[in-house]
Amino acid sequence: MSSSEFGTDGVPLSWYNICADLGFALPSDLSSSQSTKTADRLRIPMSLLRQERSRARWIPIPEDVVDKYRQWRPTPLRRARALEDALETSCRLYYKYEGGNVSGSHKLNTAVAQAYFYRRAGRRRLTVGTGAGQWGTAIAAACAMFGLDCRVFMVRSSYEAKPHRKTMMELFGAEVVPSPSGSTEYGRRSLASGSDTGGSLGVALAEAVEDGMAPHSAFCAGSGETYALLHQSVIGLETHMQLEELEDRADVVVGSLGAGSNLGGIALPFLGSSLRGGPKLRVVSVEPAACPKLTRGRYAYDYTDASETSPLQKMYTLGHAFAPPTMHAAGLRYHGTSKLISALYARNYLEAVAYPQKAVFESAEIFARAEGIIPAPESAHAIHGARLIAAAADRNGDPRTIVICLSGHGLLDLGAYDAFHSGEMTDVDVSDEQIESSLAALPARRFRER
């Protein structure tokens, strides 16, 4: 990692693009007649599309974005010594803490970048879909920074379970709409069907896509697009440099998986260093058993939203029609995985595991008592994965340095912790029949085989 890519204050001055170091190209997106029309009307700025297609290793971060990053970056890398003691492990555990900004999560890294580029392209309002609310909060804050209006379609079950997320978004001037809603044609159809009134991220995204076609508006995606993972590379770049300063190096990097920005942000700079001849390491993706894209999904072309209007991307997916059961890690309830993370998993560059939520919350409680930070349920998946990896390393007599991306705090998730302590929390899973039924609705076979 070149120190020239950092300012004197430790804030990265360039994003890292792993596509420059891969020996293959990502599968091209495909379009149906409807998705082509949608893509044209979404008006994604050419600056973002150029980032998506670039093979340059380093992409300079605009000065205005770096200035915003300096409000909370660099974020701390902490040695979790109290957690090591609690687990009685010989492994060294580090966590990169991304919860110390106004959004409470890593999502602000790409929200600020996208708001900047959309504003430069003349957009006046951004519209997004959000699950647990981290992305909605991040884009609301970023829109306020750059003078943009904002509308957020929030999965209804999360909207009702986390009312203070709505308050936070409205604090920054955003309009928050529970999804499915009566505000869009797709939302009205979804409500009329009665199939999933609690909503899903796929439905919220479909409503946001439709709403983003209004004049001077634009839809923006927070996690799955390659440029969003590019913006998140600041996490791994800082972590790599901070470990070098501590004269340590990562053996295992662990992140939770929704669509891929959390895992990609922490892991891709490490993986790129390894591809360029640096030390080998394991990258481990941890997903919920209730939404197991990598561990039980199919690598196929699919839509990124439930309305079948987005361009088709090749990804690990449970099918765009998949309705994940309600669980407390709402930010991980997305049917698919980014095409970049999917391509890396298909070629065995990373591993994937899935765990039920009660075990995840048990690890979250151990972490909170040891380290004094209540982790978001999404981040708790990475903590649980790291706990089990450390236990296996101890059994093998092979201590490892394990790095966790703690992508957000859980101060707005206390209802979930209450359910865990009261015994009301249950493990939710999906049957093979549910998954196969959803996969049967994938686009035409010719898309799956390309």
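The values are calculated or read from the model by the stated rules, or taken from the named source; none is laboratory data. Computed from a predicted structure; not experimentally measured. Here Cβ is always computed from backbone atoms with ideal geometry, including for glycine, and neighbour counts include all displayed protein chains.
Per the listing GLY212, GLY272, the residue uniquely assigned by TED's automatic domain parsing to the domain that holds ARG55, touching a residue at least 12 places away in the same chain (Cβ under 8 Å) and either out of contact with any Gly (no Cβ under 8 Å at 6 or more places or on another chain) or of a type in the set (S, T, N, Q) (or both) is GLY212.
Sort through TYR316, TYR303, TYR345, TYR355 and tell me the only one that's assigned by TED's automatic domain parsing to the domain that holds LEU271 and more than 19 Å from ALA228 (Cα to Cα).
When all the criteria are applied, what remains is TYR355.
With a requirement of 2 or more residues that are of a type in the set (A, V, I, L, M), the helices (runs of 4 or more DSSP H) lying completely within the range 285-375 that satisfy it span 339-346, 357-371. The sole residue among ILE402, ILE374, ILE389 that is among the β-branched types (Val, Ile, Thr), free of Cβ contacts under 8 Å to residues at least 60 places away in the same chain and within 24 Å of GLU238 (Cβ to Cβ) is ILE374.
Here's the yes/no breakdown for (1) touching a strand residue (DSSP E or B) at 6+ places or on another chain (Cβ under 6 Å); (2) more than 20 Å from PRO292 (Cα to Cα); (3) not in a loop (DSSP other than H, G, I, E, B):
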residue	(1), (2), (3)
ALA382	yes, no, yes
LEU388	no, no, yes
ALA391	no, yes, yes
ASP394	no, yes, yes
PRO399	no, yes, no
LEU411	no, yes, no
ASP418	no, yes, yes
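Restricting attention to the range 240-254, does a residue exist that is under 12 Å from the mean Cα position of the chain (by Cα) and within 20 Å of ALA346 (Cβ to Cβ)?
Taking every residue of the range 240-254 in turn, none turns out to be under 12 Å from the mean Cα position of the chain (by Cα) and within 20 Å of ALA346 (Cβ to Cβ).
What is the one condition in (1) without any contact (Cβ under 8 Å) to a residue 24 or more places away in the chain; (2) closer than 23 Å to ARG387 by Cβ that GLN242 does not satisfy? The failed condition is (1). Note on the range 105-133: among residues that are within 17 Å of the chain's Cα centre (by Cα) and in a strand (DSSP E or B), the one that is surrounded by the most Cβ atoms within 10 Å (Cβ to Cβ) is GLY129.
Condition (residue is outside any helix (DSSP H, G or I) and out of contact with any Gly (no Cβ under 8 Å at 6 or more places or on another chain)) applied to the range 149-167: is it met by at least one residue? Yes, some residue in the range 149-167 is outside any helix (DSSP H, G or I) and out of contact with any Gly (no Cβ under 8 Å at 6 or more places or on another chain).
Looking at GLY385, GLY410, just one residue is of a type outside the set (A, V, I, L, M) and in contact with a helix residue (DSSP H, G or I) (Cβ under 7 Å, 6 or more places away or on another chain), and that residue is GLY410.
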